[in-house]
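Below is one structure; the comments refer to it alone.
The values are calculated or read from the model by the stated rules, or taken from the named source; none is laboratory data. This one's a predicted model, so the numbers in the text were calculated from it and none came from an experiment. All Cβ positions, even for glycine, are placed from backbone atoms using ideal geometry, and neighbour counts span all protein chains on display. All accessible areas refer to the heavy atoms of the entire protein, side chains included, with ligands and DNA or RNA removed. Shrake-Rupley method; radii C 1.70, N 1.55, O 1.52, S 1.80 Å.
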Amino acid sequence: HMGADVKKMSSVLGKASQQVIKIMMDGVKSGKYDALDIIRGIETGEWNRTHEGERPFMKMLWRKVRDKFRKYSINKGKLRK
């Protein structure tokens with residue numbers, strides 16, 4: 001039974017991951033912020049706005065897709081430092 005539940009949990013996390021990445025992409029594409037503002041926003045600010053484990057999860061997603069953000073950056077191909 002546990003194997004089936006792990007598969008269900010993985011599916012839920014996969015869908016949540018896609019939604020988080022979409023929010024990041026939409027914000028960058030619309031010009032609300034740039035790609036590096038995302039990691040700064042995740043790492044700084046009030047700590048009580050997320051639950052334990054959520055920030056590392058968002059950081060992991062950011063690292064997974066950050067190269068895809070390069071085409072949306074102002075200096076095409078380079079992320080601001």
Quick one: would you say residue 34 is open to solvent by less than 100 Å² (accessible area, probe 1.4 Å), modelled with pLDDT under 90 and acidic (Asp, Glu)? yes
Within segment 1-50, how many residues turn out to be within 17 Å of residue 65 (Cβ to Cβ) and assigned to a helix (DSSP H, G or I)? 26
Options 20, 12, 6: the member that is open to solvent by less than 70 Å² (accessible area, probe 1.4 Å) and either at pLDDT 90 or above or in contact with a Gly (Cβ under 6 Å, 6 or more places away or on another chain) (or both): 20
Return yes or no: is residue 64 under 12 Å from the mean Cα position of the chain (by Cα), modelled with pLDDT under 90 and exposed (fewer than 15 other Cβ atoms within 10 Å of the Cβ)? yes
Considering (1) modelled with pLDDT of 90 or more; (2) loosely packed, with under 10 Cβ neighbours inside 10 Å, say which one residue 56 fails and leave the rest. (2)
Could you list, ordered by first residue, the pairs with Cβ atoms under 9 Å in which the first is in segment 9-21 and under 20 Å from residue 42 (Cα atoms) and the second is open to solvent by 100 Å² or more (accessible area, probe 1.4 Å), at least 6 apart or interchain? 17/64; 21/64; 21/68
